[in-house]
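The values are calculated or read from the model by the stated rules, or taken from the named source; none is laboratory data. Since the structure is predicted, the reported quantities are computational estimates derived from the model, not experimental observations. In this analysis, Cβ positions are derived from the backbone assuming ideal geometry, glycine residues included, and neighbour counts consider all displayed protein chains. Each accessible area value is taken on the protein alone, full model and side chains, heavy atoms only, with ligands, DNA and RNA left out. Shrake-Rupley method; radii C 1.70, N 1.55, O 1.52, S 1.80 Å.
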Amino acid sequence: ETGEEEGIRLEAELVAEARKHNIRVIGPNCLGIYYPKARLSFSPIFPREGGVVGFISQSGGNSNYLVRQAALRGVRFSKGISYGNAGDLNEADFLEYLAVDPETKIIAIYIEGLKDGRRFRRALEVATKEKVVVLLKGGLTEGGARAVVAHTAALAGSKVTWEALCQQLNIIRVESLDELVDVLVALLFLPVPKGRNVALIGAGGGASVLISDEFEKRGLKVPRL
């Protein structure tokens, strides 16, 4: 991921040697697998009980943060994969797996770039027919895209493309890890609303105006009481 010729060569040699022996590789430059049901984890402080959220993350650090913060709010995970540079297995492989995994009901994705865009889109089409998919895309600004290349040597892609993809497939798109956690909490613990009307209770006039605006911007209605 540094772009140095020696590192690129070593990664290619690692993958080629593994394939000779029919061994699949997750990574390199990753933390690996979190599967609480099998007591497999990359952190000693992760919950040991499983749940229904499966996650795929190109970043190891973001994987750690997501599980820790979500666990504090009662979210538990079926499977988690930190996959780094995707030298062999890539994001499409893991998404195809989670799409048919009976232990996974919700799929959370942190992604920086793609190895095979068409295959990943096909996998998303399958996954979104059966499960709720929540996506956090990193590297949508010029500076972020440069950081993506330095981090996992991936190509980031344009914001417009990703927004269109999420709209077409009814994917919930979030802007931060904390928002991703909020959405997972909502999906797991809040009942499905029967309509768009919401009653708001606020402590001040100005705050009530702003929160009413925010709710209606998001497509909800604040009726007259």
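A few notes on this one:
- Portion, in percent, of the accessible area of region 1-149 that falls on carbon or sulfur, probe 1.4 Å: 53
- Where [x] 62, 52, 33; [y] 69, 40, 31; [z] 51, 40, 32 are the candidate values, the label of the one calculated here for Cα extents along the principal axes in Å is [y].
- 3J(HN,Hα) along region 192-198, derived from phi through the Karplus expression 6.51 cos²θ - 1.76 cosθ + 1.60 where θ = phi - 60°, amounts to 5, x, 8, x, 9, 7, 9 Hz, with x in place of Gly and Pro.
- Along region 174-190 the Karplus relation, 6.51 cos²θ - 1.76 cosθ + 1.60 evaluated at θ = phi - 60°, assigns HN-Hα couplings of 10, 9, 7, 5, 5, 5, 4, 4, 4, 5, 4, 4, 4, 5, 7, 10, 9 Hz to successive residues, with x for each Gly and Pro.
- The listed peptides 74-81, 213-220, ordered by packing as a protection proxy, come out as 74-81, 213-220 (highest mean of other Cβ atoms within 10 Å first).
- Taking the longest Cα principal axis of the chain as reference, the axis of helix 60-72 is set at about 40 degrees.
- Peptides ranked, highest mean first, by Cβ atoms within 10 Å: ranges 37-48, 187-198: 37-48, 187-198
- Degrees separating the helix 142-152 axis from the principal Cα axis of the chain, which is the longest one: 40
- Cleavage-rule hits (GluC sites (Glu not before Pro)) in region 2-56: DSSP loop, at most 13 neighbouring Cβ within 10 angstrom: E4, E49
- Per-residue ellipticity at 222 nm from helix content only, as computed over the chain with -39500 (n - 2.57) for each DSSP H run of at least four residues, stands at -14000 deg cm²/dmol.
- Summarising the strand pairing of region 1-105, around 45 percent of its internal DSSP beta bridges are antiparallel.
- Lysine pairs with alpha-carbon atoms under 18 Å apart, the chain, spacing 8 or more or separate chains: 10
- Close amide-amide hydrogen proximity is noted between F55 and K79, G80, I81, A108, each under 5 Å apart and 5 or more residues distant or on a separate chain (H modeled in the peptide plane; Pro and chain starts excluded).
- Descending Cα extents along the principal axes, region 44-123, whole Å: 36, 27, 17
- Remark: relative contact order (the chain) = 18 percent; criterion is Cα-Cα distance under 8 angstrom and separation of 6 or more residues.
- Net charge over other residues, Cβ less than 12 angstrom from the Cβ of R73 (K, R count +1; D, E count -1): 0
- Solvent-accessible surface ranking, highest first, for V209, V134, V100 at 1.4 angstrom: V100, V209, V134
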